[in-house]
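Single-structure report; data block below.
Please treat every number below as a calculation from the coordinates, not as lab data. As the structure is a prediction and not an experimental result, all values here were calculated from the model. Cβ sites come from the backbone with ideal geometry, for glycine too, and all protein chains shown count toward neighbours.
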């Protein structure tokens with residue numbers, strides 16, 4: 001049999017090698033238009049970065065070695081330019097000479113791969129604009145970085161722009177950075193690694209920025225221009241201009257299907273060659289495999305292009321077996337992929353949430369944040385695990401993992417589970433390798449299974465970050481973290497009821513009022529959920545993934561930590577008197593501690609220190625980079641510097657002096673009111689002051705308790721079933737701002753009428769108008785839930801826009817205020 005293979009890399013060489021092992025007497029010819037075959041194209045960025053120093057290690061085979069070991073005729077530098085299906089010949093052209101000749105075949109296998117996308121932009125042909133697909137591309141980029149050839153005069157590339165933040169783009173960014181090149185990455189999507197869901201990539205974006213890589217998201221390249229100084233100007237579509245030495249185009253690939261199209265083979269809706277499950281094309285004598293074909297997806301409907309080395313090699317093996325007379329089928333592709341950037345790793349398998357939404361496939365999700373191995377063993381950090389599953393039977397539809405240690409092995413377990421058709425219930429029972437350096441007794445895979453199974457069994461009801469704020473409308477939003485965590489950042493409108501106080505605090509709560517819980521990662525709020533539902537609360541849900549997922553999804557930072565340099569220094573930004581350094585430095589190991597562990601240990605350590613003493617904290621929690629500045633500012637300390645260290649950060653804090661620490665450092669232009677009185681004149685004063693403060697640019701919160709709460713009643717409150725005592729209170733108390741008495745000279749209602757007339761005559765707004773103005777200006781109005789329970793006031797009795805809260809809500813506001821009023 002005469003077998004001709006077009007393409008000599010992953011799929012093509014798999015076809016040729018497998019065919020030889022099955023048929024010793026076949027005549028096998030491989031055409032490869034490049035200069036190399038069977039090379040490790042996934043390793044190309046790492047030779048540029050000198051992680052792989054020996055170039056020859058990337059050349060897995062040569063034409064000579066393939067001829068010696070497998071008796072395969074490999075012809076490099078020869079391109080197949082046409083297929084004659086009638087005569088069963090291909091037209092081959094020698095790249096160097098242009099010589100053409102025909103080569104007959106009995107079985108033809110197409111494995112030309114995919115070509116890098118090079119959009120038709122002005123200047124795309126400049127020699128400073130590179131792609132990375134083959135050994136020659138790698139050599140050219142490395143020579144420029146090394147300072148060879150034209151770059152020898154300037155000492156090599158010092159600045160580079162990478163177009164595309166997918167796997168290749170990020171690997172190139174990392175390796176160029178390791179060579180001392182300043183790197184800026186441009187990505188059309190609003191996130192890096194677009195195949196993953198948005199919240200899964202947020203931590204990696206911050207991690208990249210912490211290492212000095214600049215990200216330009218939600219924009220794209222518009223043009224490239226050669227400057228008079230020899231450098232290249234990159235114009236972005238958002239009118240940003242970047243001057244650089246080199247551009248790497250990593251904007252994706254497209255199938256090299258030109259041969260198949262010209263030969264009249266069937267092409268799929270995504271531009272790839274259509275094959276059956278035997279990898280046979282619409283021509284019974286032609287097979288195809290690798291990046292050029294469209295294949296069935298394991299989870300999603302329709303056919304897909306999945307340009308990955310693993311599937312390409314498996315497809316090549318299946319094609320060869322069928323060419324040689326076996327009946328072997330290729331099942332599907334699930335797109336398992338992973339990328340490492342510095343010490344951080346992220347990847348996915350199966351379908352993502354956005355793919356499932358686009359395909360109309362019903363699903364549920366859970367997010368967890370376990371550690372890679374036992375927290376008490378050094379070297380671990382929190383990871384983000386997201387599992388997508390069927391709401392009917394719990395079948396696993398997809399999984400994504402981002403973190404530092406053990407990400408790849410968890411991803412492989414999820415990939416195996418999807419391939420085996422397992423459910424989230426099966427994940428609960430997997431017995432996985434455990435020792436403190438490698439995992440936990442409850443592995444992150446098990447934990448994801450526990451949470452997802454709890455959801456399916458009805459033991460847990462979730463609300464999701466993407467549903468905010470609608471998910472919390474009309475609900476009590478309760479943060480069960482500690483007060484220090486709450487003070488650093490919390491979801492707007494939340495009240496702080498720490499888990500340890502919840503069992504006492506819930507006494508007297510209305511069990512029918514919807515309650516939405518959250519904590520840092522979802523565990524404490526799960527405990528709170530189980531406690532409340534077993535006490536008879538009827539509408540309780542907890543936030544999937546906690547505030548960690550919430551902040552990632554909504555791009556919420558409690559402080560600004562956007563930097564283009566590896567070290568972020570806050571020393572020059574400190575304002576006001578500071579304590580000078582004493583020379584005392586305490587080394588504090590917080591690695592392995594999940595939030596709020598590092599903050600709690602820092603707080604405890606600072607209490608034992610004198611002003612000016614310093615703490616050098618080593619933290620493995622990636623979110624610490626966002627919390628550290630807020631914690632320091634709130635507690636009057638100085639964050640001297642913070643820099644990446646392994647999976648986390650090393651942060652140096654200086655304890656504040658008397659003028660820098662304590663409550664004085666926390667106050668800001670904010671006014672908080674406790675409105676206790678139900679007297680018209682006092683309420684007028686309260687709202688006049690509140691509106692005035694807003695007009696001066698202050699934030700204002702007003703906490704209404706006891707008789708003051710009557711000012712927020714609506715005159716048209718709907719009728720509701722109330723007890724005799726509640727009805728009695730309703731009769732005795734004012735029914736809104738228009739029926740408030742005066743504190744003195746009430747005169748059976750005559751006094752208020754006189755005051756209101758005088759106010760109208762002098763164009764002074766009424767209390768109702770002042771309340772409306774306050775609402776429109778953003779004044780936060782909170783109704784005391786205890787008062788509501790005592791006086792029989794329901795939420796529907798109050799005007800729109802009023803939040804429900806307790807004393808912790810007021811105290812949280814008061815602690816941040818530079819003006820506090822009790823009226």
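General observations
- Only helices enter the 222 nm calculation for the chain: every DSSP H run of n ≥ 4 contributes -39,500 (n - 2.57), and dividing by all residues gives -8500 deg cm²/dmol, rounded to 500.
- Helix 444-457 axis versus longest C-alpha principal axis of the chain: approximately 60°, rounded to the nearest ten.
- In terms of packing, defined here as the mean over residues of other Cβ atoms within 10 angstrom, the peptides 20-29, 520-529 line up highest first as 520-529, 20-29.
- Take the Cβ atoms of residue 65 and residue 408, set R0 to 30 Å, and the FRET efficiency comes out at 0.50.
- A crude spin-label estimate for the pair residue 343 and residue 218, with each label 7 Å from Cα along the Cβ direction, gives 3.2 nm.
- With the Kirkwood sum run over all distinct C-alpha pairs, the chain has a hydrodynamic radius of 30.9 Å.
- Segment 343-459: relative contact order in percent, alpha carbon pairs under 8 Å with at least 6 residues between: 29
- Antiparallel bridges, percent of DSSP beta bridges restricted to the chain (to nearest 5): 50
- Our summary gives the chain a relative contact order of 8 percent, counting only alpha carbon pairs under 8 angstrom and 6 or more residues apart.
- On the basis of the beta-carbon distance and an R0 of 30 Å, residue 435 and residue 42 show a calculated FRET efficiency of 0.50.
- Residues 627, 343, 405, sorted so that the one with the fewest Cβ neighbours within 10 Å comes first: 343, 405, 627
- Spread of Cα-to-Cα distances over 10 Å intervals beginning at zero, given as percent, for segment 463-553: 18, 57, 24, 1
- Cβ-Cβ FRET estimate between residue 459 and residue 539, R0 fixed at 22 Å, reported to 0.05: 0.90
- Taking other C-beta atoms within 10 angstrom as a stand-in for reagent exposure, 314, 476 fall in the order 314, 476, fewest first.
- Across segment 1-137, the relative contact order, built from alpha-carbon pairs under 8 Å that are at least six residues apart, equals 29 percent.
- Ellipsoid semi-axes for segment 129-251, based on the Cα gyration tensor and the rule √(5λ), read 24, 16, 13 Å when sorted largest first.
- Order of 760, 91 - criterion: other Cβ atoms within 10 Å of each residue's Cβ, fewest first: 760, 91
- Segment residue 811-residue 146, extension gain: residue separation times 0.36 nm, minus the distance between their alpha carbons: 233.4 nm
- With the simple model of a label 7 Å out from the Cα in the direction of the Cβ, residue 82 to residue 358 spans 3.7 nm.
- What the pair-distance distribution of segment 343-459 shows, using all Cα-Cα distances binned every 5 Å from zero, is 2, 13, 24, 25, 19, 11, 5, 2, 0 percent.
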